[in-house]
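Notes follow once the structure below has been shown.
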Amino acid sequence: MEKQADETRNQFLNWTVYQIYPRSFYDANGDGIGDINGVIEKLDHLVALGVNAIWLCPCYQSPNADNGYDVSDYRAIAPEFGTMEDWQRLRDETKKREINLIMDLVANHTSDQHDWFRQARSSRENPYHDFYIWADTPPNDWQSVFGGSAWQFNEPTQEYYLHSFAIEQPDLNWENPRVREAMCAVVDFWTDKGVDGFRCDVLDFISKDIRGGKMFQGPRLHEYIRQLFDRPKTKRLFTVGECQADEAYTLQLCGKQRGELTTAFQFDHVRLGETNKYLPLDFTFDDLRNILVKWQNFTQENDLLYTLFTDNHDQPFFLSRYGNDRALRYECATAFAALFYLLRGIPFIYQGQEFGSVNSFFDDIEQFDDVETHNYYKAHKDKISETELMQQINRGSRDNARRPMAWTKNEATMYGFTTKKPWFAPPSRADEINLETDRNSQKSVFAFYQKLLAFRKENEVIRQGDFTDMTTESGSFIYQRRYGESRAIVACNFDKEQALTMPTLFNRENFRFALGNYGEQSPSAPFRPFEVRVFLKT
Ligand code: TEU
Ligand code: CA
């Protein structure tokens, strides 16, 4: 067995990851589409921010039915993103800056344009037919995650194939040993090119039981993951699974004796108060705190690594969903950042968060790109009014987070994203919210992120220390981090102004104010809305 050693695992707690959605990050060659050279040009922005790892969303050849999550060649770079030489240069430039590079691994499905599927669908006798999941009639009533039946009829073979996501994303048949070998070969291809890890897209879908069982977390999942990653070549890798796992299942996937994953994303805190992502949330901040405390305690007791994130390319901005993105935009952006990224775990920052990006508003469905959003529109357009439906879509669409980055305040250059027509309209509030304006502001979210990440870097107590919840008041969150003799206390007040009772040990010992989003304050002064204060004793 090739399990990750404790030293390897613990050093991942020193990582701070920045997630890049390449299409919308920065366009270096002026064709309106973000690209790999654009990432290279902006590496110094990431260094200035203070991150030391990048998760690059899929940049492989793809017809883009789901923006790169429908891969048609796992070993080729999408031409609109550049060439393999560009990618190699990115690898070299990140290495120079000691930035780790994590690639996205889409193992559950391919594009319907992948050569395997073109062959597979042509005849039942084709050697690749068994690479996918077929049935003469749908054996279950599974619905695809993007809406509609998960089974699609295929004319040439008179069969149905399974697609857990879009119709253009047929699910691979992991029960076929050749599929598993092919996917291990993909992992090896990129590992040999020097990547530091993989973010594994919907990894818990690769095993399923189509006869009466579940669509994901099927009986052979652990075996498949070990085949991918529990090998001499892969044991150094950082692997994070996108898995919708509860505590018990997380322990099975990420337990340090398991030889499966380094860590996994869990989504309790981004699904908080959600019935349907397009409808208003019904939550309290105490619920949010309780979820975070639950996972901190659980991962600590079981020696698991945890991921700290609020945003990604599949969510509208957290700040708009759970905070006040108008009058208190700076306060919320900085409070959420401090609250999450000073917990025990590995921070993941999504592009745009570092200057307080928020949701957009567009009133026409034609101004949206995402397949999931369009499916939702089609399914509801005859059921509710257009105005109501567009409000729902603006609230819940993944496109909120996928619009081009607003680097500057200059509308003529599409806010510094491209010199030509961008592939997708910039955020509707880009005039007000862009990196340049933010950096020139007295209340700069970016400057706060810099301080926060520098604070993490300087203090082992934040990176490696343990966690204790110290909250006494509703509507607030106070926690302590402890490492050897060092202590840090993070106190965050949510939306209402209030005085917070600080932990008694805090009053006795010699803590100093280290960081805050309302400037230096004494512990006893009442906290203002979304005020955060961090105190340190070394
Ligand atoms: O997402 C998986 C997933 O479950 C999402 O579909 C999520 O539930 C949804 O977007 C919430 O609205 C991964 C990728 O992150 C996503 O971008 C892909 O579209 C999807 O897999 C299929 O590959
Ligand atoms: Ca480009």
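The values are calculated or read from the model by the stated rules, or taken from the named source; none is laboratory data. Remember, it's a predicted structure, so these values are computed and weren't measured experimentally. As a convention, Cβ positions derive from the backbone with ideal geometry for all residues, glycine included, and neighbour counts pool all protein chains shown.
Taking the condition closer than 22 Å to Trp174 by Cβ and either within 16 Å of ligand 1 (Cβ to nearest atom) or not in a helix (DSSP H, G or I) (or both), does Glu125 pass? Talk me through it step by step, then tell me what you get.
Numbers: closer than 22 Å to Trp174 by Cβ: yes; either within 16 Å of ligand 1 (Cβ to nearest atom) or not in a helix (DSSP H, G or I) (or both): yes.
For Glu125, the condition - closer than 22 Å to Trp174 by Cβ and either within 16 Å of ligand 1 (Cβ to nearest atom) or not in a helix (DSSP H, G or I) (or both) - is met.
So, Leu90, is that one in the same structural domain as Arg236 (by TED's automatic domain parsing), within 16 Å of ligand 2 (Cβ to nearest atom) and either part of a loop (DSSP other than H, G, I, E, B) or under 13 Å from Lys193 (Cβ atoms) (or both) or not? Steps first, answer last, please.
Numbers: in the same structural domain as Arg236 (by TED's automatic domain parsing): yes; within 16 Å of ligand 2 (Cβ to nearest atom): yes; either part of a loop (DSSP other than H, G, I, E, B) or under 13 Å from Lys193 (Cβ atoms) (or both): yes.
When the stated conditions are applied, Leu90 passes them.
Given the condition out of contact with any Gly (no Cβ under 8 Å at 6 or more places or on another chain) and either free of Cβ contacts under 8 Å to residues at least 12 places away in the same chain or of a type in the set (D, E, K, R) (or both), answer yes or no: does some residue in region 419-431 qualify?
Yes, because at least one residue in region 419-431 is out of contact with any Gly (no Cβ under 8 Å at 6 or more places or on another chain) and either free of Cβ contacts under 8 Å to residues at least 12 places away in the same chain or of a type in the set (D, E, K, R) (or both).
Quickly run through region 197-217 and pick out the residues that are over 26 Å from Ile102 (Cα atoms) and modelled with pLDDT of 95 or more. First the steps, then the outcome.
We begin by selecting, within region 197-217, every residue over 26 Å from Ile102 (Cα atoms); these are 208-215.
Listed by number, the residues that qualify are Lys208, Asp209, Ile210, Met215.
Condition check: basic (Lys, Arg) and in contact (Cβ under 8 Å) with a residue 24 or more places away in the chain. Does Arg118 satisfy that? Can you show your working first?
Details: basic (Lys, Arg): yes; in contact (Cβ under 8 Å) with a residue 24 or more places away in the chain: no.
Answer is no for this residue.
Give, as residue ranges, the strands (runs of 3 or more DSSP E) completely inside region 1-80 that count at least 1 residues that are within 22 Å of Leu228 (Cα to Cα), touching an Asp or Glu at 6+ places or on another chain (Cβ under 7 Å) and within 16 Å of ligand 1 (Cβ to nearest atom).
Values: elements: 17-20, 53-56, 73-77.
Per the criteria, 53-56.
Among the aliphatic types (A, V, I, L, M), modelled with pLDDT of 95 or more, surrounded by fewer than 19 Cβ atoms within 10 Å (Cβ to Cβ) and assigned by TED's automatic domain parsing to the domain that holds Leu49: which single residue out of Ala425, Ala430, Ala401 fits that description?
Details: Ala430 fails: surrounded by fewer than 19 Cβ atoms within 10 Å (Cβ to Cβ); Ala401 fails: surrounded by fewer than 19 Cβ atoms within 10 Å (Cβ to Cβ).
It is Ala425.
Hey, could you check region 12-49 for residues that are of a type in the set (D, E, K, R) and buried (at least 22 other Cβ atoms within 10 Å of the Cβ) and say which is farthest from ligand 2 (Cβ to nearest atom)? Steps first, answer last, please.
Within region 12-49, the first condition is being of a type in the set (D, E, K, R), and the residues that meet it are 23, 27, 31, 35, 41-42, 44.
Now drop any that are not buried (at least 22 other Cβ atoms within 10 Å of the Cβ), which leaves 23, 27, 35.
Values: Arg23: 9, Asp27: 4, Asp35: 4 Å.
It comes out as Arg23.
Within region 223-265, take every residue that is in a strand (DSSP E or B) and of a type in the set (Val, Ile, Thr) and give me the one that is farthest from ligand 2 (Cβ to nearest atom).
Initially, region 223-265 is screened for residues in a strand (DSSP E or B), giving 238-242, 263-265.
Now restrict to residues that are of a type in the set (Val, Ile, Thr): 239-240, 263.
On the way: Thr239: 30, Val240: 28, Thr263: 32 Å.
By that ranking, first place goes to Thr263.
Take the conditions surrounded by fewer than 15 Cβ atoms within 10 Å (Cβ to Cβ) and at pLDDT 95 or above and apply them to Glu2. Does it pass? Walk me through it before giving the result.
Details: surrounded by fewer than 15 Cβ atoms within 10 Å (Cβ to Cβ): yes; at pLDDT 95 or above: no.
Judged against the criteria, Glu2 is not a match.
Being surrounded by 19 or more Cβ atoms within 10 Å (Cβ to Cβ) and within 15 Å of ligand 1 (Cβ to nearest atom) is the filter; apply it to region 148-166 and report the residue that is farthest from Thr8 (Cα to Cα).
Applying the filter and picking the extreme gives Ala150.
Within region 279-294, can you find the residues that are surrounded by fewer than 22 Cβ atoms within 10 Å (Cβ to Cβ) and not aliphatic (A, V, I, L, M)?
Pro280, Asp282, Phe283, Thr284, Phe285, Asp286, Asp287, Asn290, Lys294
Would you be able to say whether some residue in region 129-140 is within 24 Å of Lys193 (Cβ to Cβ), out of contact with any strand residue (DSSP E or B) (no Cβ under 9 Å at 6 or more places or on another chain) and not basic (Lys, Arg)?
no
Could you tell me how many of the residues in region 361-387 are of a type in the set (Val, Ile, Thr), surrounded by fewer than 17 Cβ atoms within 10 Å (Cβ to Cβ) and in contact (Cβ under 8 Å) with a residue 40 or more places away in the chain?
Result for region 361-387: 0.
Here are the criteria: (1) assigned to a loop (DSSP other than H, G, I, E, B); (2) touching a helix residue (DSSP H, G or I) at 6+ places or on another chain (Cβ under 8 Å); (3) more than 15 Å from ligand 1 (Cβ to nearest atom). Tell me which single one Asn276 does not satisfy.
(3) is the only condition that Asn276 fails.
Here is a list of conditions, (1) of a type in the set (Asp, Glu); (2) more than 25 Å from the chain's Cα centre (by Cα); (3) assigned to a helix (DSSP H, G or I), and Asp399 meets all of them except one; can you say which number that is?
So the condition that Asp399 fails would be (2).
Given the criterion in contact (Cβ under 8 Å) with a residue 60 or more places away in the chain and β-branched (Val, Ile, Thr), identify the matching residue among Ile20, Ile40, Ile36. Talk me through it step by step, then tell me what you get.
Details: Ile40 fails: in contact (Cβ under 8 Å) with a residue 60 or more places away in the chain; Ile36 fails: in contact (Cβ under 8 Å) with a residue 60 or more places away in the chain.
Only one candidate passes the filter, namely Ile20.
Output the number of residues of region 102-120 satisfying the condition of being touching a helix residue (DSSP H, G or I) at 6+ places or on another chain (Cβ under 7 Å) and surrounded by fewer than 21 Cβ atoms within 10 Å (Cβ to Cβ).
Here the count works out to 0.
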